[in-house]
Amino acid sequence: MKNKEGKTIGSINIVTAIPGPKAKALLAKKLQHVPKGPFNTVETFVAKAEGALITDVDGNTFIDFAGAIGTLNVGHRPTRVVQALTEQVNQYLHTCFHVMMYEPYIQLAEMLNEITPGEHEKKTFFLSSGAEAVENAIKLARKYTGRKGIISFERGFHGRTYMAMSLTSKVKPYKYEFGPFAPETYKWSFPYYFYSSLTPLELDNRLLKQFERFFLSEVPPEEIAAIIMEPVQGEGGFVIPSAYFVQQVKAICEKYQILFIADEIQTGFGRTGKMFAIDHFGVVPDIITMSKSLGAGIPISAVTGKAEIMDAANPGEIGGTYGGSPLGCVAALEVIKMIKEQDLLKRSLEIGNAFKQTFTGLQNQCKQIGEVRQLGAMCAIEFIKDPVTKEPNKELVTDILAKAQQKGLILMSAGLYGNIIRLLTPLVITDEQLLEGFTVLAKTILDCCRGT
C-alpha cells in the first residue's frame with residue numbers, strides 16, 4: 001500500500017511483477033524437473049516467512065491469507081516452535097517409534113486425549129499426513145465394527161490416497177481418470193442452504209429422510225462401519241451445516257451402532273473459534289482425525305478415538321515409519337500451548353467478526369457476491385453471476401485471485417465450481433496486517449466486479 005506521497009506503507013511490498021526475474025528462472029527449472037501435476041497457487045518461490053508474511057526470492061513481501069491451506073494457524077516460523085525444533089534436532093532426529101520409542105510421542109498423545117471432545121477414555125496414535133489419518137480411521141472403524149461400508153458427504157474432501165480419494169466428492173482435479181476406487185464407499189447429501197429454496201430446517205429434514213431411505217434402497221445400516229464428516233466443509237467451500245443436522249446424523253449413527261468420524265484436518269486447532277469445529281455442534285465423535293495446523297508446518301497427523309475402538313487393532317496392524325516423528329511431536333506440543341496461552345481461540349473469533357463486518361457490507365456494492373459466511377476465522381465469499389439464478393462465477397474468482405496476488409495478497413479458491421474465495425489467515429496476524437489484507441481484497445473485488 002502507498003500513502004499520498006507514494007511511499008510504501010504497511011507490510012506488503014511488491015517490487016517486481018509476479019513472478020519476478022529470479023522466480024522466472026526457478027520456474028523454468030521446475031518445468032524441466034517437476035511434473036505438471038502438482039498445482040501452485042502463486043507463481044513465485046519463498047525466501048523467508050514470518051507470522052502472516054512471506055517474502056519471495058525477488059524481495060516481494062506478501063500477506064498470507066492462505067496459510068498453507070490451513071496449516072499455519074500459529075503462523076510461519078513461530079519462535080517457540082523453532083526453539084523446540086532446534087533443541088530436538090540437537091538430541092535426535094528419528095528413531096522410528098516402532099523401533100525405539102521417545103517421550104514426545106507419549107506427551108502429545110496424552111495432550112490430545114485431554115483436549116479432544118468427550119470425557120470418555122481415549123487413545124491416540126500418529127502418522128505423517130491427513131490422508132493417512134483418514135485411511136487409518138477407516139481401518140480402525142472396520143476392524144472394530146466388523147463392517148465394511150463407509151459413508152462420506154457430497155463436496156467433502158478427505159485426501160488423495162485411494163481410500164481418502166474414494167471418500168472425496170469432487171471429481172476434477174482429484175479423481176478424474178484415477179479409478180477404480182475403493183469399494184463399499186457411499187455419498188450422502190450435505191446441506192447447502194444458500195442454494196436451497198427451503199428453510200434450513202426444511203432442507204435438513206428432507207436430507208435426513210433421504211438418509212433413512214438410503215438404508216432401504218442402497219445398503220442396510222448393519223453393513224455401515226462409519227460416517228465421516230467435515231464439521232465445516234473445507235475444499236467444498238466452507239459450507240457450514242446446522243447444529244441440528246450434525247446432531248441428527250450422530251443420532252442415526254447411534255441408532256444403528258455406526259461410528260461417527262469427525263475429519264478436523266482443516267477445521268481443527270482454533271480455526272473456527274473453538275479448538276475443534278465439532279464443538280460448535282454439540283456432538284462428540286467416536287474418532288477424530290487431525291493434521292495441518294497441528295504441526296505448524298512440520299508433517300504430522302493424529303487419530304484420536306474411544307479407547308476400545310483404538311485398541312481394536314493388534315500390534316503391527318497400524319502405524320508407519322515416519323508416523324509421529326520427534327520433530328512433529330515437539331512442534332505440535334508447542335502449537336497447542338501457543339493456542340492456549342495466546343488465546344488464539346478468541347483471536348479467531350475477532351478475525352471472523354472483522355471479516356464479516358468488512359465483506360457483508362460489500363454485498364451492496366457488488367451483486368456478484370452471493371454469500372459471505374464464516375465460523376470463527378474460517379471465512380468464505382461465494383461469487384455468482386446473477387442473484388436470481390445464483391449461477392456460480394468461477395471466472396470472477398480467478399480474476400480476483402490473480403489481481404490480488406499482483407497486489408501482494410495470497411488467496412485460494414474453493415468449492416465444487418471454484419467460485420468461492422476462502423480465507424485461512426494465520427491466527428497470529430496483526431490487526432494492521434489484517435486490515436491491510438482486507439483493504440486489498442475489498443478493492444480488488446470491487447474493481448473486478450465493475451470490470452476495471
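The values are calculated or read from the model by the stated rules, or taken from the named source; none is laboratory data. Every value quoted in this text rests on a predicted model; they were computed, and no experiment measured them. Note that each Cβ is placed from the backbone with ideal geometry, even for glycine, and that neighbours are counted across all protein chains shown.
Taking Val171, is it modelled with pLDDT of 95 or more, surrounded by fewer than 19 Cβ atoms within 10 Å (Cβ to Cβ), farther than 19 Å from Ile278 by Cβ and among the β-branched types (Val, Ile, Thr)? Criteria not met by Val171.
Could you look through segment 213-242, keep only residues that are in contact (Cβ under 8 Å) with a residue 40 or more places away in the chain, among the small types (Gly, Ala, Ser) and not in a loop (DSSP other than H, G, I, E, B), and pick out the one that is nearest to Gly118 (Cα to Cα)? In this case the residue turns out to be Ala226. Total residues in segment 26-68 satisfying the condition of being part of a helix (DSSP H, G or I), aliphatic (A, V, I, L, M) and either at pLDDT below 95 or exposed (fewer than 13 other Cβ atoms within 10 Å of the Cβ) (or both): the figure is 2. Residues that are basic (Lys, Arg), more than 21 Å from the chain's Cα centre (by Cα) and at pLDDT 95 or above do occur in segment 400-418. Restricting attention to segment 188-212 and to residues that are assigned to a loop (DSSP other than H, G, I, E, B) and either at pLDDT below 95 or among the hydroxyl-bearing types (Ser, Thr, Tyr) (or both), the residue that is nearest to Phe157 (Cα to Cα) turns out to be Ser189.
Filtering segment 150-179 to residues that are in contact with a strand residue (DSSP E or B) (Cβ under 8 Å, 6 or more places away or on another chain) and either in a loop (DSSP other than H, G, I, E, B) or not assigned by TED's automatic domain parsing to the domain that holds Val246 (or both) leaves Glu154, Gly156, His158, Thr168, Ser169. Take Val246 and decide whether it is closer than 17 Å to Ser189 by Cβ and touching a residue at least 40 places away in the same chain (Cβ under 8 Å). No; evaluated as a whole, the condition is false for this residue.
If the condition is being more than 29 Å from Gly268 (Cβ to Cβ) and either among the small types (Gly, Ala, Ser) or assigned by TED's automatic domain parsing to the domain that holds Gly234 (or both), then segment 42-69 contributes Ala47, Gly59. Restricting the first member to segment 356-375 and to residues that are within 19 Å of Leu435 (Cα to Cα) and modelled with pLDDT under 95, and the second to residues that are part of a strand (DSSP E or B) and hydrophobic (A, V, I, L, M, F, W, C), the beta-carbon pairs closer than 6 Å and six or more apart or on different chains are Thr360/Val372; Gln363/Ile369.
Out of everything in segment 271-285 that is part of a helix (DSSP H, G or I) and of a type outside the set (D, E, K, R), what residue ends up being surrounded by the fewest Cβ atoms within 10 Å (Cβ to Cβ)? Before the answer, list the steps.
To start, the set of residues in segment 271-285 that are part of a helix (DSSP H, G or I) comprises 277-281.
The next check asks that each one be of a type outside the set (D, E, K, R); those that pass are 277-278, 280-281.
Working: Ala277: 27, Ile278: 28, His280: 19, Phe281: 23.
The selected residue is His280.
Residues to consider are Gly320, Gly305, Gly324; find the one that is under 19 Å from Ile265 (Cα atoms), over 19 Å from the mean Cα position of the chain (by Cα) and at pLDDT below 95.
Answer to the check: Gly320.
This table checks each residue for (1) part of a helix (DSSP H, G or I); (2) surrounded by 19 or more Cβ atoms within 10 Å (Cβ to Cβ); (3) basic (Lys, Arg); (4) not assigned by TED's automatic domain parsing to the domain that holds Leu333.
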{"site": "Leu93", "(1), (2), (3), (4)": "no, no, no, no"}
{"site": "Cys96", "(1), (2), (3), (4)": "no, no, no, no"}
{"site": "Pro104", "(1), (2), (3), (4)": "yes, yes, no, no"}
{"site": "Glu114", "(1), (2), (3), (4)": "yes, no, no, no"}
{"site": "Phe126", "(1), (2), (3), (4)": "no, yes, no, no"}
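Residue-by-condition table, conditions (1) farther than 21 Å from Phe157 by Cα; (2) surrounded by fewer than 24 Cβ atoms within 10 Å (Cβ to Cβ):
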position	(1), (2)
Gly328	yes, no
Val335	yes, no
Gln342	yes, yes
Gly370	yes, yes
Pro387	yes, yes
Ile410	yes, yes
Gly418	no, yes
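Are there any pairs, at least 6 apart or on different chains, whose C-beta atoms fall under 7 Å, with the first in segment 316-332 and closer than 16 Å to Lys123 by Cα and the second assigned to a helix (DSSP H, G or I) and among the basic types (Lys, Arg), and if so, which? Short answer, once both residue conditions are applied: Ile318/Lys139. For segment 420-436, a residue qualifies if it is over 17 Å from Gln342 (Cβ atoms), surrounded by fewer than 21 Cβ atoms within 10 Å (Cβ to Cβ) and either hydrophobic (A, V, I, L, M, F, W, C) or free of Cβ contacts under 8 Å to residues at least 24 places away in the same chain (or both), and exactly one does: Leu435.
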